[in-house]
């Protein structure tokens, strides 16, 4: 039995919101120096990547501006090659790719919850 796509969107929303809150008042240097914040962000990026991987292609095709495969690929690096992580790439993803992904996930959730 497969999981409802709306639940994956909720995972993306929750992980993205946690990341947003974690880095809201943090600059790059603080991010790299604070292992708790960095680890929490990395965990949520992995959750997001897992959820994106499982979203139906039809959902992703409606929003080609989101780098879906990059997000999934980054999740794979987090899971299997975390020792190669470059904090500037993590920070770029957090600052530039997570906000639009969060917006799209919320839009998709609203569409799912909208009138039938």
Where residue 29 falls short, out of the listed (1) touching a helix residue (DSSP H, G or I) at 6+ places or on another chain (Cβ under 9 Å); (2) in a helix (DSSP H, G or I): (1)
Which ones in the range 40-77 are within 13 Å of residue 101 (Cα to Cα) and more than 14 Å from the chain's Cα centre (by Cα)? 59, 62, 63, 64, 65
Restricting attention to the range 3-26, which residues are in contact (Cβ under 8 Å) with a residue 40 or more places away in the chain and in a loop (DSSP other than H, G, I, E, B)? 3
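Each value in this text was obtained by applying a stated rule to the coordinates, not by laboratory testing. Note that this is a predicted model, so its numbers are computed, not measured. Glycine also receives a Cβ, built like all others from the backbone with ideal geometry; neighbour counts cover every protein chain displayed.
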